[in-house]
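Notes to accompany the following structure.
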Amino acid sequence: MLPAQWTPEAAVITPAFVQTLAIYNAEVNRRWYAAAARLPDAARKADRGAFWASLHGTLAHILWADRMWMSRFAGWDKPAIAQAQSPTLYDDFAAMHEARTTDDARIVAWAEALAQDWLDQDLTWFSGGVGREMRKPRGLLVTHMFNHQTHHRGQAHALITAMGEATGDTDLPFVL
């Protein structure tokens with residue numbers, strides 16, 4: 001439960017904070033994809049009981065969600081498929097890996113150009129997930145995008161480890 005004095009306005013989200021998370025996430029994604037690339041395609045795509053079924057599906061969902069949020073934040077093209085189909089965003093792992101690398105560079109460049117006044121404003125959008133229009137502070141939503149990546153990468157990390165691969169250190173202070 002949040003403390004009674006917490007409000008979205010009290011959250012201090014700065015461009016420097018967003019830039020740190022963008023750089024961190026790009027590096028950790030690089031490590032995840034390198035580890036996943038060492039696995040056979042069938043192993044990456046096997047249903048292992050994860051929320052998005054497989055390692056491939058989980059990585060595809062993260063990429064799908066990043067694109068959905070960046071369509072709201074920076075005018076990127078929205079994914080052409082719904083969230084429920086997000087694990088099928090890419091069938092080919094090499095193409096998905098290339099897209100992840102490209103999108104991470106775009107997210108880092110976007111973060112480098114952020115201004116505090118943009119982060120301090122609200123964003124209004126229609127959420128397909130909850131089926132209604134939403135309005136929240138942009139800083140909170142940007143934090144959510146990175147937190148969402150971390151949440152599902154934790155699942156991907158468990159899958160990668162269970163398949164005998166290693167990603168190396170992933171804790172923020174040891175990555176940056």
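Rule-based calculations on the coordinates, nothing more; no lab input. Values in this document were obtained by computation on a predicted structure and should not be read as measured data. Every residue, glycine as well, gets a Cβ built from its backbone with ideal geometry; the counts of neighbours run over all protein chains shown.
I need 127, 54 ordered by Cβ neighbour count within 10 Å, fewest first.
Neighbour counts put them in this order, fewest first: 127, 54.
Quick one: if you take sqrt(5λ) for each eigenvalue of the C-alpha gyration tensor of the range 84-176, what semi-axes come out, biggest first, whole angstrom?
Taking √(5λ) for each eigenvalue gives 27, 19, 15 Å, largest first.
When the Karplus curve 6.51 cos²θ - 1.76 cosθ + 1.60 is applied with θ = phi - 60°, which whole-Hz ³J(HN,Hα) does each residue of the range 102-117 get, with x for Gly and Pro?
Taking θ as phi minus 60°, the curve returns 5, 5, 4, 5, 5, 5, 4, 5, 4, 4, 5, 9, 5, 10, 4, 4 Hz for the range 102-117.
Can you tell me which of 75-81, 44-50 comes out highest on packing, and rank the rest after it, using the mean Cβ neighbours within 10 Å?
The most tightly packed comes first, giving 44-50, 75-81.
Kindly write out, for the range 40-53 in residue order, the coupling ³J(HN,Hα) from the Karplus curve 6.51 cos²θ - 1.76 cosθ + 1.60 (θ = phi - 60°), rounded to whole Hz, with x marking Gly and Pro.
x, 4, 4, 5, 4, 9, 5, 5, 10, x, 6, 3, 9, 6
What FRET efficiency, computed as 1/(1 + (r/R0)^6) with R0 = 41 Å and r the Cβ-Cβ distance, is obtained for residue 88 and residue 118, rounded to the nearest 0.05?
About 0.80, to the nearest 0.05.
For a protection proxy built on the mean count of beta-carbon atoms within 10 angstrom, sort 152-162, 84-94 highest first, please.
152-162, 84-94
With runs of 4+ DSSP H residues as the only contributors, calculate the mean residue ellipticity of the chain at 222 nm using -39,500 (n - 2.57) per run, divided by the residue total and rounded to the nearest 500.
Values: 7 runs with 102 residues, N = 176.
Taken over the chain, the calculation gives -19000 deg cm²/dmol.
Would you work out the charge dipole size for the range 13-171 about its Cα centre, treating the Cβ of every Lys and Arg as +1 and the Cβ of every Asp and Glu as -1, and quote it to the nearest 20 debye? Don't jump to the answer; show the numbers that get you there.
Values: 16 positive and 18 negative charges, 66 e Å.
Magnitude of the dipole: close to 320 debye.
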